[in-house]
Amino acid sequence: MKIKLSLFLSFFIMYSLSAQEYIVKVQKEGSKKFSYLTINGESQIETAYFDATDFGEEGIAIAKITVSSFYQIYDKKGEIINSEAIIKPIINEWSSIASGFIDGMVITKINENYGAVNYEGKLSVPGVYTKLTEFNGNHAIGTKGRVYFVVNNKGEEIKLDIPKIRAAKHFSEGLAPIKIKGAYGYIDTLGQVVIRPKYKSTGHFNGGVAWAKNLDGRVGYIDKSGKWLVEPIFIIGDDYDPESGYARVKSTRGWAYIDTANQFTNLGVTNDYFNFSEGLAINRENGRIGFIDHTGEWVIKPYFAVAHKFTNGFARVQVNGKWGLIDKKGEWLVEPNYKEIGNAILIKE
């Protein structure tokens, strides 16, 4: 059931983008509250929220109007969706930002445990878990005390019949890192070990590739069978970007990029090395920030004071102390008029 929210502040900015609909969280200069821009060539509504998350791709977000009010679920029209449970989201201890909908689910605290509410407001995962990871591919890892479970978005669970589990991370591309005794391996969504524990630490799969640290503390890259695609010789290795084909690595000689054919690349633009994301990487020149491609060419020339990586085809950038959003050609999706801005989220049709 949806309830029309009456106390709305109307503010409309329209934009046509190939009939696709994006929603962006913004904070105006001089305001302590957040609102949303709907960028789709139709109407949009701004509501003043004390706190708000980015929208999920289902067109749903959580927000609260005042500091003392509860979080509620809102759709893209600004209407409240009733929830079967009070939304008490996980708050990032470093940024103090609430975690919103990921993969159609929001994790919420229920008494002293955790469950999950879906985008229809249903408590589809009961609040029985001591810990519960974010959902990915409709699956998460939950614990009840020291017992681990694979949990799907309907609340169905599979107990992990694996002795001496010490830790687990969320799923990505159907696999989740899990620590058994003193080493990490991976399980699938059926709770079966598919890569045996033999790593000191592991990352999440992206394009079928994940970083892994061997027991000697060196980092390389593996495929979904656990085979080394890039031998573990690095001090640090960051997430692989399948669009560019590169991962950022650090050896005793400094930073560079490497591909899955073990080819090192020094792009020679500057001495700054940032992670590739969606085919582009941040770089600097003369104190300004732009974006390079996998050949080291400037795709977006250095112009910005601050920039974040590309997400969903757009990047958050700052000019003259104000934030906006650009596309991969450097053209403005949202002009730099805001104190803060979130990621552009493409809403499913």
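Given Cβ point charges of +1 (Lys, Arg) and -1 (Asp, Glu) and nothing else, what value in debye, to the nearest 20, does the dipole of the chain about its Cα centre take?
So the magnitude is around 1280 debye.
Could you order His139, His294 by accessible surface area, starting with the largest, using a probe radius of 1.4 Å?
Order by accessible area, largest first: His294, His139.
Under the rule a/c < 1.5 gives rounded, and otherwise a/b versus b/c splits prolate from oblate, where does the chain land using the Cα gyration tensor?
oblate
Would you mind telling me which residue in Thr133, Thr53, Thr66 has the biggest mean-square fluctuation in a Gaussian network model of the chain, where springs connect alpha carbons within a distance under 10 angstrom?
The residue with the greatest mean-square fluctuation here is Thr66.
Treat every Asp and Glu Cβ in segment 266-349 as -1 and every Lys and Arg Cβ as +1, leave all other atoms uncharged, and give the resulting dipole magnitude about the Cα centre to the nearest 20 debye.
200
Specify which residue in the list Ile289, Gly330, Asn312 is farthest towards the positive end of the charge dipole of segment 201-349, using unit charges on the beta carbon of Lys, Arg (+1) and Asp, Glu (-1), about the Cα centre.
After comparing all options, I get Ile289.
Round to the nearest 10 and report in Å² the accessible area of Asp161, as given by a 1.4 Å probe over the protein chains' heavy atoms.
140
Return the whole-Å distance between the Cα centroid of segment 101-176 and the Cα centroid of segment 277-335.
35
GluC sites (Glu not before Pro), restricted to segment 131-161: which are DSSP loop and have at most 15 other Cβ atoms within 10 Å?
Loop-located and lightly packed - Glu156.
Under a GNM of the chain (C-alpha, springs under 10 Å), which listed residue has the highest mean-square fluctuation: Arg218, Arg248, Arg146?
Answer for the Gaussian network model of the chain: Arg146.
Let me spell out the model: positive unit charges on the Cβ of Lys and Arg, negative unit charges on the Cβ of Asp and Glu, origin at the Cα centre of segment 167-218. What dipole size does that give, in debye rounded to 20?
The calculation lands at about 280 debye.
What accessible area, in Å² to the nearest ten, does a 1.4 Å probe give for Glu112?
Surface accessible to solvent at Glu112 totals approximately 140 Å².
So, R0 is 22 Å and r is the distance between the beta-carbons of Lys322 and Phe50; what FRET efficiency does that work out to, to 0.05?
0.50
If R₀ is 41 angstrom, what is the calculated FRET efficiency for the pair Thr265 and Gln20, using the beta carbon separation as r and rounding to 0.05?
0.80
Heavy atoms of the protein only, probe of 1.4 Å, neighbouring chains included. What is the accessible area of Ile81 in Å², nearest 10?
Near enough 20 Å² of accessible area.
Under a 1.4 angstrom probe, counting protein chains only, how are Trp298, Trp323 ranked by accessible area, largest first?
Trp298, Trp323
Hey, got a sec? Which GluC sites (Glu not before Pro) in segment 225-309 land in a DSSP loop and have at most 12 other Cβ atoms within 10 Å?
Qualifying residues, ordered by number: Glu297.
Label-point separation (nm) for Asn92 and Ile158, each offset 7 Å from Cα along Cα-to-Cβ?
About 3.1 nm separates the two model spin labels.
Working with all protein chains in place, sort Ile110, Ile187 by solvent-accessible area computed with a 1.4 Å probe, largest first.
Ile110, Ile187
Where a Cα-Cα gap under 17 Å defines reach, which aspartates and glutamates qualify for Lys181, not counting those fewer than 8 residues away within the same chain?
Correct list for Lys181: Asp161, Asp216.
The values are calculated or read from the model by the stated rules, or taken from the named source; none is laboratory data. Please read all numbers here as calculations on a predicted model, not as lab measurements. No Cβ is skipped: glycine too gets one built from the backbone with ideal geometry, and neighbour counts run over all protein chains shown. For the accessible areas, the whole protein counts, side chains as well, though only heavy atoms, and no ligand, DNA or RNA atoms are used. Shrake-Rupley method; radii C 1.70, N 1.55, O 1.52, S 1.80 Å.
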